[in-house]
Amino acid sequence: MKRVVVGLSGGVDSSVAAYLLQQQGYEVIGLFMKNWHDDSVTISNECPWLEDSNDALLVAEKLGIPFQTVDLSEEYKEKIVDYMFNEYEKGRTPNPDVLCNREIKFDVFMKIALSLGADYVATGHYCQKSEIEVNGKTVYQLKAGADTNKDQSYFLCQLSQEQLAKSLFPIGELTKPEVREIAAQMDLITAEKKDSQGLCFIGKVRLPEFLQQKLQPKDGIIIQIDKNDPVYSFEKDGELALEDSLMSDARKIPYTPDMGKVVGKHQGAHYFTIGQRKGLNVGGTTDPLFIIATNVETNTIYTGLTSQHPGLFKSALFIEKNEVHWIREDLALANGETMEVMARIRYRQLLQSATLHQFENGMYVAFDEPQSAITEGQFVAWYLGEELVGSGVIS
């Protein structure tokens, strides 16, 4: 019997994952990760870890599997929370869920599981894994979950071959309703439990308050930029080389306060992100205002009217060389090579057709259609068919 450690989170997905593995004849151990202590910033009763660990324990008892809790809050603070503060301070918007999988679940947690003699670690992610042979070597593939509405492959876009080799995703070929049905048939306490929202493991967090623990509020101004500003009628020189042309498409527009009018005040540019429309508290505009840029150096926020404002759209993005990550290392591009892919710049975004261009100093992802709110610090992931083959941090 192969031994599997399941990350039991106290939710329905991991509960059913544990049950299915048991049915498949694995020796299953349930492990709950405690990653957060500070209740002062979580929104009351939304995702208290105590309730979750209790539910995980009840599921383990029901299935008759060993269960224990591991406290990873120190590693979580160091690898995720501190990283988030640093990124927000730089005016970037991190994705803690992607990082949490790379740094905690499939690294720190996986090492603990393997030290318990586990052959695999399993989670309740909606994604699938398969293997193929390339040049006589086993290569693992990460594929989208069968439930297109719940596919979570994006959150695992930073995993490596070594991590995938030791991972199992038992519910990947099921839909959410099917998972709930199995849980109900098994009379598991989590069958009707709502999906948790918010930061991976912390639960629903009041983000500004959370950030204010480290990042001090400071008053700044909100500028509105007109959609007809000459900066948007930027004409590219027809003679540009490909790399220069892509650089131009991916560039940040250098906004200055004199380009627009002051429409309000804010408490700190580092609390806001591109594409955001809530929380600006600016009234009296004909249409909703969207954030098109932030500048943490000058503590200024730039906005535009409507979701179609030209300041929101770009047709390319850049990834620094050391931030380009291939799950399928055998498909990695050499300098000067290109690849046609489907890509997404955020979870749940519909896949967009794009071309990867690898250069000496990094990679450009050029989209067929301009994309709204391409955000520094977030991850872009690219697919060939159902398979997620690589990703990178948007710079």
Any chance VAL59 is in contact with a Ser or Thr (Cβ under 6 Å, 6 or more places away or on another chain) and farther than 20 Å from VAL380 by Cα: yes
Residue in the range 322-334 that is most open to solvent (accessible area, probe 1.4 Å), counting only those that are out of contact with any strand residue (DSSP E or B) (no Cβ under 6 Å at 6 or more places or on another chain) and either closer than 21 Å to ILE132 by Cβ or not in a helix (DSSP H, G or I) (or both): GLU329
Positions within the range 261-273 being at pLDDT 95 or above and open to solvent by 30 Å² or more (accessible area, probe 1.4 Å), in sequence order: LYS261, VAL262, VAL263, LYS265
Members of the range 167-194 that are surrounded by fewer than 18 Cβ atoms within 10 Å (Cβ to Cβ), among the hydrophobic types (A, V, I, L, M, F, W, C) and either assigned to a helix (DSSP H, G or I) or in contact with a strand residue (DSSP E or B) (Cβ under 6 Å, 6 or more places away or on another chain) (or both): ALA184
Answer from ALA332, ALA293 - the residue that is small (Gly, Ala, Ser) and more than 21 Å from the chain's Cα centre (by Cα): ALA332
Sole exception among (1) part of a strand (DSSP E or B); (2) open to solvent by less than 60 Å² (accessible area, probe 1.4 Å); (3) over 23 Å from PHE210 (Cβ atoms); (4) aliphatic (A, V, I, L, M) for ILE291, by number: (3)
Within the range 112-149, tally of residues that are within 27 Å of GLN349 (Cα to Cα) and at pLDDT below 95: 2
Tally, over the range 297-321, of residues that are hydrophobic (A, V, I, L, M, F, W, C), crowded, with 20+ Cβ neighbours inside 10 Å and within 23 Å of ILE221 (Cα to Cα): 2
Selected residue (only one of TYR83, TYR88, TYR154 is out of contact with any helix residue (DSSP H, G or I) (no Cβ under 6 Å at 6 or more places or on another chain), in contact (Cβ under 8 Å) with a residue 60 or more places away in the chain and in a helix (DSSP H, G or I)): TYR154
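Mind checking whether some residue in the range 233-252 is of a type in the set (Phe, Trp, Tyr) and either closer than 14 Å to LEU312 by Cα or surrounded by 12 or more Cβ atoms within 10 Å (Cβ to Cβ) (or both)?
No.
The values are calculated or read from the model by the stated rules, or taken from the named source; none is laboratory data. Remember, it's a predicted structure, so these values are computed and weren't measured experimentally. Note that each Cβ is placed from the backbone with ideal geometry, even for glycine, and that neighbours are counted across all protein chains shown. In case anyone asks, the SASA skips ligands and DNA or RNA and just uses the protein heavy atoms, side chains included. Shrake-Rupley method; radii C 1.70, N 1.55, O 1.52, S 1.80 Å.
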